[in-house]
Amino acid sequence: MRPFLQYTVARLALFLVCWGIAWLVGAKGVLGVLIGLVVSGLLGYIVLDKLRGRLSAAVSSRAGRMRAKKDEGREKPVASD
């Protein structure tokens, strides 16, 4: 859960910074939000690479554990009366 939270907070902070800069430059309202979204999306691809990699590894690890747990449950014999 921690990598997800870190990535989400970093993504939100990057958007707020980009939106703030757009607002200071004069892009207010919907235009400022759109500029903030586009610029933070492009910057996030580069700047948040390590956090995205950690998030991906955590999600993959959790999926593997869930798959193993599901397979383990299938292997247990079912008691029949």
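The values are calculated or read from the model by the stated rules, or taken from the named source; none is laboratory data. These numbers come from a predicted model, not from an experiment. As a convention, Cβ positions derive from the backbone with ideal geometry for all residues, glycine included, and neighbour counts pool all protein chains shown. Accessible surface areas use protein heavy atoms only, side chains included; no ligands, DNA or RNA. Shrake-Rupley method; radii C 1.70, N 1.55, O 1.52, S 1.80 Å.
Below is a table of values for the structure above.
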| item | result |
| --- | --- |
| Distance-filtered residues of segment 34-49 - backbone nitrogen under 14 Å, label point 7 angstrom along Trp23 Cα→Cβ | 34-37 |
| Nearest-10 value in Å² for the accessible area of Leu16, using the 1.4 Å probe | 90 Å² |
| Potential extension, Leu16-Ser61 segment - 0.36 nm per residue separation minus Cα distance | 13.1 nm |
| Residue among Val30, Gly20, Leu48 farthest towards the positive dipole end of the chain, charges placed on Cβ | Leu48 |
| Cβ crowding within 10 Å averaged over residues, with 47-53, 59-65 ranked highest first | 47-53, 59-65 |
| Span-like helix ranges in the chain, DSSP H, alpha carbon extent 18 angstrom or more, Kyte mean at least 1.0 | 2-25, 30-47 |
| Charge dipole (debye, nearest 20) of the chain; +1 at Cβ of Lys and Arg, -1 at Cβ of Asp and Glu | 140 debye |
| By accessible area with a 1.4 Å probe, ligands and nucleic acids excluded, highest first: order of Ile21, Ile46, Ile35 | Ile46, Ile21, Ile35 |
